[in-house]
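Before any comments, here is the structure.
Just so it is clear, none of the values below were taken in a lab; they were calculated from the coordinates. The structure displayed is predicted, hence computed values, not measured ones. Counting neighbours? That spans all protein chains shown, and the Cβs are built from the backbone with ideal geometry, glycine included.
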Amino acid sequence: MVNAVPSSPESPFLAACRGEEPGRTPVWFMRQAGRSLPEYKQARAGTSMLEACRTPELVCEITMQPVRRYGVDAAIFFSDIVVPLAAIGLDIEIVPGVGPVVAEPLRTEADLKRLRNLDPCDVGYVTEAVGLLRKELGDTPLIGFAGAPFTLASYLIEGGPSRDHAKTKALMKSRPEVWHGIASRLAAICGEFLRVQVEAGAQAVQLFDSWAGALSEADYRTYALPHSTAALAGVAESVPRIHFGVGTGHLLEAMAETGAEVSGVDFRIPLDEAAKRLPDKVLQGNLDPALVLADDAALTAETDRVVAAGRAAKAHVFNLGHGVLPDSDPGKLKLVVDRVHETTTR
Ligand code: 1CP
């Protein structure tokens, strides 16, 4: 078991993650730091994304910005899913407006040796930043995160963002032994990256399998599930584990088999329906991020609907169904946080 730092028992977020009834429905937003905040743009000016992720004081400041502005019930560590991959020496750049771009994509068995294990020393800046944050955050819990093996593999095999993940699926089917070699190495890297964050003080983790929805249930079970399970096992029984994907309505039960305590639900499935299918899981979600751009009346009505549907779950962590869109008005996100708190405080 990983040596997790003890956390405050009164946090509504941690209570909900444990399946207990919190004092109010906790709320935080995926991608709550970053693009939509003017103070983020100011802090980041002149620093590349990966450089920012390697600068503990800057990571601490950017992680704190949405906590100060919105009063959310959890902070998410400011980093990116490709940080551990760059840390083991892969030539990856995060291109503004595009996303991660890989100079030499992985394609063959010979490429496997490029995926060496992550050593905690490779990401000393993460340990340092989490330490700074624990002091700044007080009672607000910190969520660490990693990308799941399938989603990471897609960037490495395609060479960058992809809509259809065609090269990844082709490799999976035509060279399954190479695929499982890549994915099992990524699982080890991702598990280690989660462990580093938990040992340094993160009180929960989220595994982002953002692109798993591109797989059929049968393929998910064969090619992704065993590797995500291995990645999450690294921090089992030390902190609550949240597992999230986009367009994964057909995979809810299969993704729950990884053992994560909390299932992320995207906005395409009502939470009460997800609750029927996953009665033993805490649910996180699922306001459509586009609704943040709607008028106040529509946004409030939709927030209330998500809160009501969430009551069907074992416990509910309010979130968006995917990340905050860059054009979001921070005032509207504040409205959502206040509305959830006002209508659920017991
Ligand atoms: O506040 C927070 O939520 C923390 C910040 C965070 C997180 C959780 C960033 C910062 N990245 C991530 C995870 C991440 N990165 C995911 C999973 C979450 C999701 O599905 O949205 C994914 C798929 C990535 C990969 C990535 N990195 C993309 C998507 C590209 C694609 O395939 O469409 C992008 C645009 C990035 C760059 C990035 N990461 C984070 C920021 C603030 C940025 C933009 C930086 C810049 O443009 O300079």
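Please say if the stretch 156-215 is rounded, prolate or oblate, where rounded means a/c under 1.5 for a ≥ b ≥ c the square roots of the C-alpha gyration tensor eigenvalues, and otherwise the choice is prolate for a/b larger than b/c and oblate otherwise? All intermediate terms of the calculation are to be shown ahead of the outcome.
On the way: a/c = 3.03, a/b = 1.87, b/c = 1.62.
Judged from the Cα gyration tensor, the stretch 156-215 comes out prolate (a/c at least 1.5, a/b above b/c).
From the phi of every residue in the stretch 259-266, what ³J(HN,Hα) in whole Hz does the Karplus formula 6.51 cos²θ - 1.76 cosθ + 1.60 yield, where θ is phi - 60° and glycine or proline is x?
Once rounded to whole Hz, the list reads x, 4, 6, 10, 9, x, 10, 7.
Using amide H atoms built 1.01 Å from N in the peptide plane, name the residues 5+ places from Val317, or on other chains, whose amide H lies under 5 Å from its own.
It is Leu283, Gln284, Gly285, by chain and number.
The stretch 1-135: D in µm²/s via Stokes-Einstein (Kirkwood Rh, Cα pairs, 20 °C, 1.002 mPa s)? Before the final figure, lay out each step's value.
Details: Rh = 17.1 Å.
Value of D from the Cα-based Kirkwood radius: 126 µm²/s.
Through the Karplus equation 6.51 cos²θ - 1.76 cosθ + 1.60, θ set to phi - 60°, convert the phi angles of the stretch 301-317 into ³J(HN,Hα) values in whole Hz; use x for Gly and Pro.
Coupling constants for the stretch 301-317: 4, 6, 4, 4, 5, 5, 4, 5, 5, x, 5, 6, 7, 3, 7, 10, 10 Hz.
At a threshold of 8 angstrom on Cα-Cα distance, excluding pairs fewer than six apart, so keeping six or more, what relative contact order does the stretch 243-346 reach in percent?
Numbers: 171 pairs, mean separation 28.5, N = 104.
Normalised by residue count, the contact order of the stretch 243-346 is 27 percent.
Taking the dipole about the Cα centre of the stretch 134-202, with the C-beta of Lys and Arg at +1 and of Asp and Glu at -1, give me whichever of Ala200, Ile189, Ser174 is farthest to the positive side.
Ser174
Given the chain, what percent of its DSSP beta bridges are antiparallel, to the nearest 5? Walk me through the numbers before you get to the answer.
Details: 4 of 26 bridges.
Taking every DSSP beta bridge with both residues in the chain, the antiparallel ones total about 15 percent.
Please compute the length gained on full extension between Ala45 and Asp329, using 0.36 nm multiplied by the number of residues separating them and subtracting their Cα-Cα distance. Walk me through the intermediate numbers first.
Working: separation 284, 0.36 × 284 = 102.24 nm, distance 1.99 nm.
Stretched fully, the Ala45-Asp329 segment lengthens by 100.2 nm.
Applying 1/(1 + (r/R0)^6) with R0 = 30 Å to the Cβ-Cβ distance of Ala110 and Asp219, what FRET efficiency is obtained, to the nearest 0.05?
Taking R0 as 30 Å, the efficiency between Ala110 and Asp219 is 0.75.
Mind listing the long-range amide H neighbours of Val95? Cut-off is under 5 Å, sequence gap 5 or more, other chains count too, H placed in the peptide plane at 1.01 Å from N.
Under 5 Å from the amide H of Val95: Val101.
Per-residue HN-Hα couplings for the stretch 164-170, Karplus 6.51 cos²θ - 1.76 cosθ + 1.60 at θ = phi - 60°, whole Hz, x for Gly and Pro?
So the J values, rounded to whole Hz, are 10, 6, 5, 5, 5, 5, 5.
Specify, per residue and in Å³, the volume enclosed by the convex hull of the alpha carbon atoms belonging to the chain.
So the per-residue Cα hull volume is 117 Å³.
Can you pull a Stokes-Einstein diffusion coefficient for the stretch 14-59 at 37 °C (0.692 mPa s), Rh from Kirkwood over Cα pairs, as a whole number of µm²/s? Let's see the in-between values first.
Numbers: Rh = 13.1 Å.
In µm²/s, the coefficient is 251.
What does the stretch 104-191 give for Rg and for Dmax, in Å, if only its C-alpha atoms count?
16.2, 51
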